[in-house]
Each structure stands twice: as C-alpha cells, then as structure tokens.
Amino acid sequence: MTTTSSSSSSSSSCTKNSSVNGFYNFLTKGLNDLHQSFLSHHFMSIQFISQVLSSLQSFHSKLTLLIQRLCLPVGGKWLDEYMDESSRLWDICHVLKSAIYGIENYSSTASNITSLVHGYHHFTPELSHQMVRAINVCQRESLGLVEENKSMMETRIEALSECLNQKMCVESKLNEFNGFRGVLCAMRSVSSLLLMILLCGVAYCWSSSCFEQEGYEGHVVFGSGVVVSMARLQQKVAEEIEQCNGQPGILLLEFQEAKIAMEELKMELERMVGYDAECEIQSKVDNFKRCFGLLRCGVETITGQLDDFFDEIVEGRKKILDMCTHK
C-alpha cells in the first residue's frame, strides 16, 4: 500500500511539473514567434498588432487550461491572485478598446472628405476649399485624439511599466500552489510586455524608454527560456521604435500612412492650378481613399479580436469559479 501511494504521489507530481514546464515552453515559443514576425510584418502594422493580440489571447487561454490541471486548493490565495490579474487584463484591454474607438471615429470623419467629391468630374476652387476645410476639421480631431490618449495613458502606464520591469521574485515563493504562483508571475510579466506593445501601437507612445530593460538580473524564476525570449522581444521593439524617428503619438502604421495621405491631399488642393494639378489631385484622392480604407478595415479586425478576448476572460473566470465551487 505504501509503495502504491508513493508511486501515485510521484506520478501526480511529475504530471504537475510537466504541465507547468509545458506552459513555460508555450510562452517561450509564442514570444519567439512574435520576434520572428518582424521579418514578415511591418512594425506596428495591423498584422503585427493582430498577432500580438492573438498571442495574448492564446497565453490566457492556456493559463485557464493549466489551472484546471494543477489540483489547486479550494479557496486558496491563488484564486485571489488569478482574479486580480484577469481584472487587470480586462481593465487595460478596455483602454485599448477606447483608443481603437477613437481611431474609428477619426476614420469616419475622414470619410466625409471623400464624400464631397462624389458626383463631381472637376475640382473647382470652391470644391477644393470645401475639402481643405473638411481636412482641417479631421486634422484637429486627430490632434485631440492623440492628446486624449496621452492623458489616458499617463494614468495607466506607470503601473504597467513597473510590472514589466519588476525584479523577478525569489524561487521559493514561486513554487507555491503546485508552481502556480511562478506561472502567474511569468504570465503577468509577459502580458505586461504585450499590453505595452499594443498600447504604444494604438493609444500613445512616448519613446523607446517604455521598453527599457531592467529587472532581468538575479534569480531566474520561471525558466531561462521565458526570460531570455522576453528580453529579446523587448529589445527588438525598443530598436524598432528608435528607427521610426517619429514624434510621440500613435505608432500604428496604417494610422500614420493615412495622416500622410491626408496632408499630401491638402497640399495639392491648396496649390491647385490647371489640368495637370487636377490629375494630381485625383491621384492623391485615390491614395487617401486607399489608406483610410485599410485603416478602417484593420481597426474593425482589432475590435473584433478584442471583443472575443473580453468574452474569453469572462468565460475563463467563470470556469475557474465553477471549478472551485464543484470541488
């Protein structure tokens, strides 16, 4: 009987260790895939933002499955820590949603500009003046959007930065709750990095200093793979921001391209003279439509992903609470 019990306990411990190590490996692979995506996606493009958000979703989903395998004590402190972390994720994703909503409104205002040329075959001076006035309205809205996002980020960024650059916890603490505390520490650090990338893309970015690396020295608490992969991705993002050489603001590539297309159209309208200029204006209008079309479609994609993620967070919390209740 003693031998059987010992064997069963050893098997259970092995399964838990395997599950925890598997989760760390999953995080490591996901971070490495994001680093690799710099080769196939433009930095802060809709495709890149979408992949970062997909990774965050898959990490959270994997965490929920892991909790169900770890045989955690009912009503333990682990539950409070998990609920706190999922609430933090929920709150910051709402900041992302608010920023995306602002870009949607900006795109809608821009559509009023192209509606002015509908049915017209020639760009008269009067039509040009109307379009320039509409562009000025849209540009003021863009400036207001950036300032609003900046203010919103100032109230949120400090806690996120602290979590991203915090000193790693001591290993003994992380082994509590069958290793779950270490898993949650890893998840908190990784999600902080991904959320910071998302916020810099669609809300506001001051500079590459948002991704300055601290806190990686000392104890390696949840496997060197996760720590090293986080550091590589963090450094790569900082380098890409440095190469942008732009002003602080919304880094989303399609947003920046749409702004440039709008300014180019405005300049052409203001110096309109003769037939050649009219052809050039039409070219600028076509480019304007293309850029804002891409921005609008991209924003709709990200909005859909965020809505799905909100549903997953709610469902994950419900599953964990139901699991504790049934135990």
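Things worth noting here:
- Within the stretch 148-157, not a single residue is modelled with pLDDT of 90 or more, among the hydrophobic types (A, V, I, L, M, F, W, C), buried (at least 17 other Cβ atoms within 10 Å of the Cβ) and part of a helix (DSSP H, G or I).
- Here the helices (runs of 4 or more DSSP H) wholly within the stretch 217-327 that include at least 2 residues being polar (S, T, N, Q), closer than 28 Å to THR109 by Cα and modelled with pLDDT of 90 or more are 274-326.
- Within the stretch 123-136, residues that are within 13 Å of MET267 (Cα to Cα) reach no partner that is exposed (fewer than 11 other Cβ atoms within 10 Å of the Cβ) and among the aromatic types (Phe, Trp, Tyr) with beta carbons closer than 7 Å at six or more positions or on different chains.
- Total residues in the stretch 128-153, condition in contact with a Cys (Cβ under 9 Å, 6 or more places away or on another chain) and within 18 Å of GLU263 (Cβ to Cβ): 0
- In the stretch 62-109, the residues that are under 16 Å from the mean Cα position of the chain (by Cα), polar (S, T, N, Q) and over 17 Å from MET153 (Cβ atoms): SER86
- Count of residues meeting criterion [part of a helix (DSSP H, G or I) and either within 14 Å of the chain's Cα centre (by Cα) or hydroxyl-bearing (Ser, Thr, Tyr) (or both)] in the stretch 29-55: 13
The values are calculated or read from the model by the stated rules, or taken from the named source; none is laboratory data. Computed from a predicted structure; not experimentally measured. Quick reminder, even Gly has a Cβ in these numbers, built from the backbone with ideal geometry, and neighbours come from all protein chains shown.
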